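What follows is one structure encoded as structure tokens, with my remarks underneath.
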Amino acid sequence: MTAILSNLQAVRRAVADAATAAGRPVDAVRLLAVSKTFPAAAVREAYQAGQAAFGENYLQEALDKIGALRDLPLEWHFIGPIQSNKTRAIAEHFDWVHGVDRLKVAERLSAQRPALLPPLSICLQVNVSGEASKSGVAPQDVAQLANEVARLPRLRLRGLMAIPAPADDPAQQRAPFARMRELLATLNAQGMRLDTLSMGMSHDFAVAIQEGATIVRIGTAIFGARDYGGEQ
Ligand SMILES: *Cc1c(COP(=O)(O)O)cnc(C)c1O
């Protein structure tokens, strides 16, 4: 059995166990396999092991992989920081974008989404760690941005995403995830219909699932440690 197959099986089991322990249905949590820095062959191997949704951070690297894997019915999620001059390629080649934190980027993605494709699924990135993070909309500004993005015709606002500052202690991990759950509940109480909380990575997905994550973004636990070759 290959490492990717056995890692995927272990991660699926851990995700299912965390959902069950939280009293949630196992299918309430989707696994997004984060394949950044790993080659198309690794993505193909994960697909053969039953994984169809992949997350990428770096646009050019992602476009190369998307091209090389055209023969597979994959779902691509852009999870990296978004520069406004890169929105067209993102709008053309991805199914989801998780890191939207300003209206200008959302407007460009909507305007550039090809008419023949379904609306692009969007998560707003929230800065739940204060100064520890540069990206993400401040929690008190989420509602306004959500209302503006929800009006854009070629986008489908799905929910919220966060990358909390790393913490080893589950008690410290929990607070930002709980805050995200409350923010989503507040938006839905105001009449929005958001179904997604994108939160939880290899080191903290169990706590994220306890706090309501519906998409966990997992790289290292599936593909192994990343080697940036000194270039990133
Ligand atoms: C790299 C990355 C992940 C995956 O992190 P792991 O710790 O390898 O599981 C998840 N989300 C985002 C936004 C990332 O950049």
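The values are calculated or read from the model by the stated rules, or taken from the named source; none is laboratory data. Source: prediction; values computed, not measured. Ideal geometry is used to build each Cβ from the backbone, glycine not excepted, and the neighbour counts take in all protein chains shown.
Summary table below
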read-out	value
Residue among Ala89, Ala10, Ala41, Ala16 that is more than 16 Å from the ligand (Cβ to nearest atom), closer than 24 Å to Ile209 by Cβ and at pLDDT 95 or above	Ala16
Residue check, Val105 within 16 Å of the ligand (Cβ to nearest atom), closer than 23 Å to Leu187 by Cα and within 14 Å of the chain's Cα centre (by Cα)	no
Enumeration of residues in region 96-149 that are part of a helix (DSSP H, G or I) and within 29 Å of Gln172 (Cα to Cα)	Gly130, Glu131, Ala132, Pro139, Gln140, Asp141, Val142, Ala143, Gln144, Leu145, Ala146
Residues (free of Cβ contacts under 8 Å to residues at least 40 places away in the same chain, buried (at least 20 other Cβ atoms within 10 Å of the Cβ) and touching a strand residue (DSSP E or B) at 6+ places or on another chain (Cβ under 7 Å)) located in region 92-108	Phe94, Val97
Qualifying residue in region 178-201 (condition: touching a Phe, Trp or Tyr at 6+ places or on another chain (Cβ under 7 Å), of a type outside the set (S, T, N, Q) and within 14 Å of the ligand (Cβ to nearest atom))	yes
Boolean, Ser121 is within 16 Å of the ligand (Cβ to nearest atom) and surrounded by 14 or more Cβ atoms within 10 Å (Cβ to Cβ)	yes
Flag for Arg181 being surrounded by fewer than 20 Cβ atoms within 10 Å (Cβ to Cβ), at pLDDT 95 or above and closer than 22 Å to Val15 by Cα	yes
Residues satisfying the stated conditions in region 52-86, i.e. touching an Asp or Glu at 6+ places or on another chain (Cβ under 9 Å), of a type in the set (A, V, I, L, M) and within 16 Å of the ligand (Cβ to nearest atom)	Ala53, Ala62, Ile79, Ile82
Hits in region 18-46 - residues which are of a type outside the set (A, V, I, L, M) and free of Cβ contacts under 8 Å to residues at least 24 places away in the same chain	Thr20, Gly23, Pro25, Asp27
Answer residue from region 207-232, given it is more than 9 Å from the ligand (Cβ to nearest atom) and part of a helix (DSSP H, G or I) and is farthest from Ser35 (Cα to Cα) among those	Gln210
Among (1) within 16 Å of Ala19 (Cβ to Cβ); (2) of a type in the set (D, E, K, R); (3) more than 9 Å from the ligand (Cβ to nearest atom), the one test that Asp204 misses	(3)
Ala21 vs. criteria within 16 Å of the ligand (Cβ to nearest atom) and aliphatic (A, V, I, L, M)	no
